[in-house]
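The values are calculated or read from the model by the stated rules, or taken from the named source; none is laboratory data. This is a predicted model, so every value here is computed, not measured. Methodologically, a virtual Cβ is constructed for each residue, glycine included, from the backbone with ideal geometry; neighbour enumeration extends over all protein chains shown.
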Amino acid sequence: MSSSALPTLTSAQVKQVDALCEERFGISVDWLMEAAGWQIARYVGQRAAVVCGVGNNAGDGLAAARHLQRWGRLTGVCCVDLTRLLGPAANELEALRNLGVAVGGDLNLGDADVVVDAIFGTGLSRAPEGKFAEWITAINRSGKDVVSVDVPSGLDADSGVAYAPCIRATVTITLGLPKPGLLGLPGRVIVADIGVPFEAYAAVGVVVPPDLFAKGDLVQL
C-alpha cells in the first residue's frame, strides 16, 4: 500500500488515542501492549534478542519476548534500566520473570539471528545519550538484522530526523498507523493492527480507511 493512502499519527496523537482507548472504549494500554507484542513476535521468525528501553515501547518488546520464548525463538532479553519500567511495562516484566526468563541489564546479542529494537518509541525528541546511545551503536555494528518496534530507536517519529546514533532497521513494524517520520524511511515499514478502534482515531481527527486491515492484520507500506 502506498504511504500516501494512509493517514499518520503524531506522537501527541498516540498519547491521546491511548487515553481514549482506555477512558472511552474500555481498552487498556496493557491490552494494546499485549497485542503489539503478539504482532512483533509473530513477525519475527528467527532466533531473536529483544533489547528494551524504559518506556511503553520496552513493554511492547517484553510482551514480544514472552511469546518468542514460548515458541522457542528467544535468545535473550535486556533492558537499559529495569528500575525505570513502570505501569504496563513493569507488568510485562513481571509476567516474563514469572516464566523464569531472566532480563539482563547489559547488552547481550549472543547468537541471535535478529535483534528486536524496543529501546525508544514515539516520544524521542533529542539525540540518545549514555547507555542508550551505546546500545544503539552496538546493535548497528553487530551486522544483525533489526526489527524495530513502532519506530527505529533514535528517529524522531514526527519530523523523521535521524539523531546520532539511530538504529538502522531492516524492518519497522509500526503500531496501529504509520508515524510521519517513517514516510520515506529506508527499509521495510509494516503497519500492524493492535486493536485500536477506528473511532478512537476519528476522535483525534484522523480518518482511517475502513478496509485497512480487511485483507490481513499486517500491511506493508
| query | So is THR75 touching an Asp or Glu at 6+ places or on another chain (Cβ under 8 Å), among the β-branched types (Val, Ile, Thr) and part of a strand (DSSP E or B) or not? | reply | yes
inquiry  = For segment 61-78, check the following and say yes or no: at least one residue is buried (at least 22 other Cβ atoms within 10 Å of the Cβ), among the β-branched types (Val, Ile, Thr), in contact (Cβ under 8 Å) with a residue 24 or more places away in the chain and closer than 17 Å to ILE167 by Cα.
reply    = no
Hey, ALA133 buried (at least 23 other Cβ atoms within 10 Å of the Cβ) and either farther than 22 Å from ASP158 by Cα or out of contact with any strand residue (DSSP E or B) (no Cβ under 7 Å at 6 or more places or on another chain) (or both) or not:
no
Of THR83, THR75, the only residue that is at pLDDT below 95, among the β-branched types (Val, Ile, Thr) and farther than 30 Å from ALA202 by Cα is THR83
In the set VAL44, VAL51, the lone residue that is surrounded by 20 or more Cβ atoms within 10 Å (Cβ to Cβ), at negative phi, within 11 Å of the chain's Cα centre (by Cα) and of a type outside the set (Asp, Glu) is VAL51
With criteria (1) farther than 22 Å from ASP158 by Cβ; (2) at pLDDT below 95; (3) not in a loop (DSSP other than H, G, I, E, B); (4) not aromatic (Phe, Trp, Tyr), GLY45 comes up short on (3)
Listed by range, strands (runs of 3 or more DSSP E) wholly within segment 144-221 having at least 3 residues that are out of contact with any Leu (no Cβ under 6 Å at 6 or more places or on another chain) and buried (at least 22 other Cβ atoms within 10 Å of the Cβ) are 145-149, 171-175
